[in-house]
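**Student:** Submitted below is the structure of interest, expressed as structure tokens.
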Amino acid sequence: MKRNIKEEIGEIGKRLYRANLNGGYGGNFSVRDEENIYITPAGVPKDVLDYSDILVIDFKGNVIEGLGRPSSEILFHIFIYKKREDVNAIIHAHPPFATGFSIAHLPIEGNIHEESVTVIGEVPIIPYELTSSKELAERVSDVMKNHEAALISNHGAITVGEDLEKAFRKMEDLDNLCKMVLVATIMGGVKKIPPEKIKALKELISARVSKSK
Ligand SMILES: [Zn+2]
């Protein structure tokens with residue numbers, strides 16, 4: 001199987017750890033190619049992941065390659081890939097600020113900062129279900145059908161992307177956004193971008209993105 005994908009997943013574990021976006025045994029991340037899903041194992045801290053720890057599974061959850069046990073959240077990864085053709089990478093992590101918002105059951109509106117308007121959109125709260133359960137996988141994948149980032153109640157956060165780098169940047173943006181909202185709340189409250197400016201802002205950013213391609 002593709003060693004470069006496994007190395008990329010191991011590297012993301014270290015980057016999330018160094019950026020204080022995920023500590024210890026928490027979180028799980030995956031990448032898919034045409035045939036398989038590459039996913040982190042259960043029980044290995046994400047900052048010491050080696051490419052050889054990464055498991056390859058099929059879309060039914062059977063292990064094709066690797067020695068460990070796949071992440072206990074394997075189901076929501078499979079469900080999301082089945083529902084989103086454009087998504088090739090998923091990161092679930094426990095970033096401290098976003099997880100704080102998930103504990104407070106505070107969603108983030110999509111019109112409060114340029115990142116929330118153009119990169120991750122609104123960030124909803126997924127109602128609490130037991131970790132690893134089919135119910136959680138169904139709720140998470142239903143919400144991720146039309147969101148790029150979400151908070152999982154009393155648990156953590158999830159982002160998706162066309163590749164692992166994009167999913168990582170969304171997780172970084174999400175935790176930063178939570179810090180900004182926290183500061184704004186302390187300082188008197190979140191104020192929204194005027195609605196009549198939102199369309200122009202989206203057009204401006206998408207023109208920049210297409211230019212940089
Ligand atoms: Zn978790």
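**Student:** Ordering M180, M1 from largest to smallest accessible area (1.4 angstrom probe), what's the sequence?
**Tutor:** Numbers: M180 75, M1 115 Å².
So the residues, ranked largest to smallest area, are M1, M180.
**Student:** Would you pull out the residues with amide H under 5 Å of I64's amide H, same chain only if 5 or more places away, H placed 1.01 Å from N?
**Tutor:** Close amide H contacts, sequence-distant or interchain: V56, I57, D58.
**Student:** Moving on. With labels modelled as points extended 7 Å from the Cα through the Cβ direction, what inter-label distance (nm, one decimal) is found for T131 paired with K211?
**Tutor:** The two pseudo-label positions are separated by 4.5 nm.
**Student:** So which GluC sites (Glu not before Pro) in region 118-205 end up in coil per DSSP with only 14 or fewer other C-beta atoms within 10 Å? Intermediate results must be reported in sequence, preceding the final value.
**Tutor:** Working: sites: E122, E129, E135, E138, E148, E162, E165, E172, E196, E203; in loops: E122, E129, E148, E162.
Counting only loop positions with at most 14 other Cβ atoms within 10 Å, the GluC sites (Glu not before Pro) in region 118-205 are E162.
**Student:** Using only Cα atoms, locate the centre of region 126-195 and the centre of region 22-40, then give the distance between them in Å, rounded to an integer.
**Tutor:** A separation of 18 Å, based on Cα centres.
**Student:** For F168, F79, give me the order by solvent-accessible area with a 1.4 Å probe, most accessible first, ignoring ligands, DNA and RNA.
**Tutor:** My answer, sorted largest first, is F79, F168.
**Student:** Based on DSSP, what percent of beta bridges with both residues in the chain are antiparallel, to the nearest 5?
**Tutor:** On the way: 23 of 25 bridges.
Percentage antiparallel, nearest 5: 90.
**Student:** Further, regarding this structure: Can you send over the carbon and sulfur percentage of the accessible area for region 3-212, probe radius 1.4 Å, protein chains only? Don't jump to the answer; show the numbers that get you there.
**Tutor:** Working: 5560 of 10310 Å².
Whole-percent figure for carbon plus sulfur exposure: 54.
**Student:** I'd like to check one number: the per residue accessible area of the chain, probe 1.4 Å, reported in Å² as a whole number.
**Tutor:** Working: 10700 Å² over 213 residues.
Using a 1.4 Å probe on heavy atoms only, each residue of the chain averages 50 Å².
**Student:** Here is a follow-up. So, R0 is 30 Å and r is the distance between the beta-carbons of N62 and N20; what FRET efficiency does that work out to, to 0.05?
**Tutor:** With R0 = 30 Å, the Cβ-Cβ based efficiency is 0.30.
**Student:** Now for a different question. I need two numbers for region 3-212: Rg to one decimal and Dmax as a whole number, Cα atoms only, in Å.
**Tutor:** 17.0, 55
**Student:** May I ask you to compute the full-extension gain from L182 to R169, defined as 0.36 nm times their residue separation minus their alpha-carbon distance, rounded to one decimal in nm?
**Tutor:** Details: separation 13, 0.36 × 13 = 4.68 nm, distance 1.99 nm.
That pair, L182 and R169, stretches by 2.7 nm at full extension.
**Student:** What is the angle, in °, between the Cα long axis of helix 164-186 and the longest principal axis of the Cα atoms in the chain? Nearest 10 is fine, range 0 to 90.
**Tutor:** Helix 164-186 and the main axis of the chain meet at about 40 degrees.
The values are calculated or read from the model by the stated rules, or taken from the named source; none is laboratory data. Keep in mind that what you see is a predicted model, and the values were worked out from it rather than measured. So basically every Cβ, Gly included, is an ideal-geometry build from the backbone, and we count neighbours across all protein chains shown. Only protein heavy atoms, including side chains, enter the accessible area calculation; ligands, DNA and RNA are left aside. Shrake-Rupley method; radii C 1.70, N 1.55, O 1.52, S 1.80 Å.
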